[in-house]
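The next block holds one structure in the form of structure tokens; read it before the comments.
The values are calculated or read from the model by the stated rules, or taken from the named source; none is laboratory data. All figures in this text were calculated on a predicted structure; none of them were measured in a lab. Cβ placement follows ideal geometry from the backbone for every residue including glycine, while neighbour counts extend to all protein chains displayed. All accessible areas refer to the heavy atoms of the entire protein, side chains included, with ligands and DNA or RNA removed. Shrake-Rupley method; radii C 1.70, N 1.55, O 1.52, S 1.80 Å.
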Amino acid sequence: MNKKFRFQWGAFLMFLLYGGLFFLLLSRFVFIQVTGTAEGQVLSTKADSKYSREQVIPASRGKIVDRNGDIIVEDTLSYKIIAVISPEATNNSSAPRHVVDPEKTAKVLAEYIDMPEQDILDVLNKYIKAGKYQVEFGKAGRDISYKVMTEIKNNNLPGIIFVQDMKRLYPNGQFASHLIGFALKEENEDGEAVAVGKMGLEYIYDEELTGTPGKVNFKSDTKGFLLPNAEKMITNPKDGDNIHLTIDKTIQNFLEDALNKAEEKYNPEKMTAIVANPKTGEILAMSQRPTFEPNTREGLSTNWLNEAIEQTIEPGSTMKIFTLASAIEEGVWEPNATYKSGSYTVYDRTIRDHNVYGWGTISYLEGFQRSSNVSMAYLLNRIGDETFIDYIHRFGFGEKTGIDLPHEATGTVSDKYPINRVTTTYGQGTTVTPIQLVQAMTAIANKGKMMQPYVIDKIVDPSTGKLVSDHKPVEKESPISEKTAEQVKEILASTVTSEKGTAQRFKLDDYTTAGKTGTAQIANPEGGYFWGRNLFLYSFLGLAPVEDPQLIVYVAVHKPQLKDTEVGSEPTSDIFNSVTENSLKYLNIQPENLELASSIKMPNIVGQNMMESQTTLESQGLKTVIIGQSENVKEQFPAAGTSILAKGTVFIKGEGDIELPNFTGWSKRNIMIYKSLSNIPIEISGEGYVTSQSLTAGSIVSKDTPVVVHLSTPEETKIVPELEESMEEPPQD
């Protein structure tokens, strides 16, 4: 008998349920396979985020170097402390890899970093409680030196590890600090500590100095280990641009040393000084006191101003230089004409000479040499008020020089009333900046050509060597003629050489100088002026050598503490004389018979016989340095067509073995020229002139032979320089 088929509803429902689920799962699987998304998220991206890792490669901040390439500021290797506090770090390890004793760790670290023991312990306990994997110690845990890092490591603290970091280093300490400034590390949006310029050039050129970090992308497992066959993608960092200054490290050191000695001896309220090249406007040195140590910011007060640029002063009698120049240019200067010194009345105001009573009836030349205020008032009558004020503006007063630094002050030319124009002739009432005085003085030193001052020589991309910017000398409209400039220079020289001159203290042992002293009253914030020998601003604006000025030096000393036997020109002359004499010797400017030194135009000797060329050059009074032993000249310095003073030095390069010369007495600059032409790896130690060398003269050397030369300053050695600098810049490496 046939069994009756019974429909199994239960089985059917189970089939539909599980079949539907299988179909949904299959559909979901197909959808994911086809679209690569799930719940609106791209799975490949989610996988990348889980396994992809990115490590930042820091970029070095750009260097700041002097005109010879010597380091002023650079990044240097340092270390950062990290405390691993999670016990997970010790998994599968027989030795602890995390902090197991916070108290001991805090006690040891407190001996090495600038952070109290209790604060270190609090940080460790806080993040251990929060379940963090590791912790840092902020500023105190960064910029750790190799020495300190090694000492901490010797304590064998579990969990304390070190990561290489970069620290901003100012190797010269107090060195043009208000010009250079400083940079400090700050955390960016990503929590990374990066150096940020806070002052001076570090702040002004922060964007150029700051590099672009690189990165490494790779895939790892959840524990951070690199996955098999995983590729690394590396984006190299781009270091910041290098800034090349016009500052000369050696001359700057001369200036810093002289200011330090004056500060210790006279304890002034403040000082400002500038050294410049009158032919180009390049600033070779610039400093002020008080100053600070940029590595620690010790000594940094509330005054962050670069006072040579941003602060105005009443110039005092240094302004008489430009009053004299105006009179000569207008043809109204009669040095032998006479006037009655002592006092001069303008309406209801009477001005007096600095000795109150004057010197009787004297010549205008003597009046200038004695720094008579009354002589300037009478000269103003001859020049004419409006004409005189026009000359003052021609010399650049009352407007910015355009130096490549921000926040430059303009000063104010006071000419509203007749008495203002009279007092302006001798530097009272009108305000100027030190850099304006230096710019105006270039017209006197440079045959009437006024040069714009500048401190940035060039900015270079270190990765490509490409010039980002290249500064060249800028000649401004000449305020006076060459003839007038020469006459002013001679009269300024007489203030040093004349027995009646106020600048007799500024006479150098080996060089001629010219300039003008200044004694200015300092304005009292409560009205009027301070009065008293210890309450004046003493200054000097000078040049040297007179025959062919190579340097302009300005020095201002505010409120020095003078002994009863001392006069106001002593602090300024101490600084000027030391800096000028040492700098001229360092530059190899020969002191003897400069006025007789004729200019020689360099011939083209490339390709000619080396020995014959040497004989020809030496017959003209030039000194020669031979590099190589080939028959014909391959390269010469200075180049053909360059003007060079008689007794100057010419470098002649051939090929073949190089016989090392006797470097004794050579300047650093000549060593740099020789190094560049010969390609010998010469290491230079010290500043000034060469006093010793690692290989004796006559040794045969090559580009693989290291040579060390030691230099000493003129104050440290009595060696007389043997070589005269050429008038051309040294060749670039």
task: For 266, 347, 378, 133, give the ranking by accessible area with the largest first, probe 1.4 Å.
output: 347, 133, 378, 266
statement: Straight-line reach check, residue 153, cutoff 28 Å on alpha carbons, 8 or more apart in-chain or any other chain, hits among lysines -> 80, 104, 107, 126, 129, 132, 139, 167, 185, 223
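Above 19 Å lies some portion of the pair distances; for region 387-524, what is it as a whole percent of all C-alpha pairs? Before the final figure, lay out each step's value.
Details: 5909 of 9453 pairs.
Here the long-distance tail beyond 19 Å is 63 percent of all Cα pairs in region 387-524.
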- prompt: Which ³J(HN,Hα) values, rounded to whole Hz and listed in residue order, are derived for region 312-320 from phi using the Karplus coefficients 6.51, -1.76 and 1.60 in 6.51 cos²θ - 1.76 cosθ + 1.60 with θ = phi - 60°, glycine and proline given as x?
  reply: 9, 9, 8, x, x, 5, 4, 5, 5
statement: The percentage of the accessible area of region 437-537 (probe 1.4 Å, all protein chains present) made up of carbon and sulfur atoms, to the nearest whole number, is 47
field: Model label zone, residue 363; criterion: amide N under 11 Å from point 7 Å along Cα-to-beta-carbon; scope region 311-349
entry: 334-338
- prompt: What ³J(HN,Hα) values, in whole Hz, does the Karplus curve 6.51 cos²θ - 1.76 cosθ + 1.60 give for region 615-624 when θ = phi - 60°, with x put for Gly and Pro?
  reply: 4, 4, 5, 5, 5, 8, x, 8, 9, 10
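So in region 618-697, what percent of DSSP beta bridges are antiparallel if you round to the nearest 5? Display every interim value, and only then the final one.
On the way: 4 of 9 bridges.
Percentage antiparallel, nearest 5: 45.
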- prompt: Got a sec to turn the phi values of region 90-97 into Karplus ³J(HN,Hα) couplings, 6.51 cos²θ - 1.76 cosθ + 1.60 with θ = phi - 60°, whole Hz, x for Gly and Pro?
  reply: 9, 3, 6, 10, 6, 10, x, 10
message: Rolling a 1.4 angstrom probe over the protein chains, ignoring ligands and nucleic acids, what is the accessible area of residue 454 in square angstrom, nearest 10?
response: 20
message: Longer than 31 Å from Cα to Cα, which of 489/601; 249/270; 270/483; 238/585; 500/601 are they? Say none if no pair is.
response: 270/483; 238/585; 500/601
- prompt: Simple spin-label model, 7 Å along Cα-to-Cβ: residue 125 to residue 293 in nm?
  reply: 3.5
message: From the protein chains alone at 1.4 Å, what is the descending order of accessible area for 305, 24, 405, largest first?
response: 24, 305, 405
statement: Using a 1.4 Å probe on heavy atoms of the protein chains only, the accessible area for residue 168 in Å², nearest 10, reads 20
Residue 535-residue 169 pseudo-label distance in nm [points 7 Å out on the Cα-to-Cβ vector]: 4.9
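What number results when the radius of gyration of region 629-705, computed over Cα atoms, is divided by 2.2 N^0.38 Å? Kindly include the intermediate steps, with their values, before the conclusion.
Values: Rg = 13.1 Å, N = 77, 2.2 N^0.38 = 11.5 Å.
Cα-based Rg divided by the globular estimate yields 1.14.
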Amide H within-cut-off set for residue 59, under 5 Å, with H built and near neighbours excluded: 214
message: List the residues, sorted by chain then number, that are 5 or more residues from residue 634 or on another chain and whose placed amide H is less than 5 Å from its amide H.
response: 607, 653, 654
field: Helix 482-497 axis, angle to the chain major axis (alpha carbon atoms, nearest 10°)
entry: 80
message: Run the Debye formula on the Cα coordinates of region 321-388, all scatterers equal and no solvent, and tell me log10 I(q)/I(0) at q = 0.15 1/Å.
response: -0.43
field: With all protein chains modelled, accessible area of residue 203 [1.4 Å, Å²]
entry: 130
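Whenever you get a sec, line up 302, 212, 90, 105 from highest to lowest accessible area (probe 1.4 Å, protein heavy atoms). Before the final figure, lay out each step's value.
Details: 302 145, 212 80, 90 30, 105 5 Å².
Final ranking, largest accessible area leading: 302, 212, 90, 105.
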For residue 78, residues with placed amide H under 5 Å, excluding near neighbours: 165, 166, 167
message: What are the equivalent ellipsoid semi-axes of the chain, built from the alpha-carbon gyration tensor (square roots of five times its eigenvalues), in whole angstrom, biggest first?
response: 67, 35, 26
query: Using a simple spin-label model with points 7 Å from Cα along the Cα→Cβ vector, what separation in nm is obtained for residue 184 and residue 161?
result: 3.0
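Nearest 0.05, what FRET efficiency do residue 635 and residue 468 give at R0 = 22 Å with Cβ-Cβ as r?
0.15
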